[in-house]
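Structure record follows, encoded as structure tokens.
A short reminder: the numbers here are calculations on the coordinates, not readings from a lab. Not measured: the values here are computed from a predicted model. A quick note on method: Cβ atoms are made from the backbone with ideal geometry, for glycine too, and the neighbour counts reach across all protein chains shown.
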Amino acid sequence: MSVDMQLLKEYVTWDSGAMNRAESTVLLHITHSNLKARMFEIRLDRHMTVESVKEKLRTNVGTGSAFMHLTLLDHNGQVVADMSQDEMKLGFYSPMDGWTIHITDLDPYSLSSGGGLEDVSLVQKYEISEEDYLKRDKNFRRWKEDKVKADPSWSFAKEIKNRQDAQRMKADPNFVPEPHKERVTDDEHMAELVAGMKVGDRCEVTVGGKRGTVQFVGKIPAIAPGWWVGVQYDEPVGKNDGTVKGARFFECPPKYGGFLRPDKLKVGDYPELDDLFESEEEEEEGGAGSAPPVD
């Protein structure tokens, strides 16, 4: 690093690395008569005239300098001085860090009056007629119609998945995307699978091996068309208490209930698992010095 750059660095920062500041500057809060919230903090030089302070604030608040009246407030919000003389220096009022300059907007046509800069309901919304919207070569409605024409099963979820899969395939040539699950529209979806299921049957989930008792067999339109099976698990590994979408289909303790498609479980002789019993049984059968099984 050159000598000049080193000197510049030492001037800008303290030994601690924090930004340096001239002794003649002061950090002040800024509030505005037309705005509810405190706007911002700004560091000003005490050698600045009130006129130059107004000009600097004008670029931040939008109130013209000629319509701006400044009042200096202390830490408690008490008035220290009316800064009405433009030729006076800021330092004349002896401001301290953390004090506030309050701007009174005297412009009757100010954009900030009446909440114009805070109340979004006052902002004029852009509107377009149906006819003009349809005349556009590219619009969302036409894009969606084209997607559905090309693929009747199209949905936003499918569109997002396809884009995510394309990005992953681009990053990883070995990535194989999972097939997209088609939306179920058949009200008798999986009816043949529930023909042999009834309330009271013991069951086991095909993935994970969770066991329980069938407590409901029927349709739940609030979830999706087709048939569902409600299960009370032997352990608190479920997601509900037999209630879904605000409707109760069976009674069970919280976290013991779940609803699955019929192809996700099997019914039969599935007694409740006893981990302790199984562990003792395995020890008795294996023993500490038993030989491994022979194929």
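Note on Thr104 and Thr185: the model spin-label points, each 7 Å out from Cα along the C-beta direction, lie 6.9 nm apart. A simple spin-label model places pseudo-atoms 7 Å from Cα toward Cβ; at Gln167 and Asp263 they are separated by 2.9 nm. Cross-link reach is defined here as a Cα-Cα straight distance under 23 Å, omitting same-chain residues fewer than 8 places apart; for Lys239 the lysines meeting it are Lys181, Lys198, Lys210, Lys219, Lys255, Lys264, Lys266. Placing dummy labels 7 Å off each Cα toward the beta-carbon, the span from Val176 to Lys89 is 8.0 nm.
Under 5 Å from the amide H of Phe216 lie the amide H atoms of Gly230, each residue being 5 or more positions distant or on a separate chain, with H modelled from the backbone and absent for Pro and chain starts. Counting only Cα atoms, segment 144-269 measures 48, 32, 28 Å along its principal axes, largest extent leading. Sorting 183-189, 41-47 by average packing, meaning the other beta carbons within 10 Å per residue, from highest down gives 41-47, 183-189. For Ala81, the residues 5 or more places off, or on other chains, whose built amide H falls under 5 Å of its own are Leu72.
Measuring how big segment 131-183 is from its alpha-carbon positions, Rg and Dmax come out at 14.7, 48 Å.
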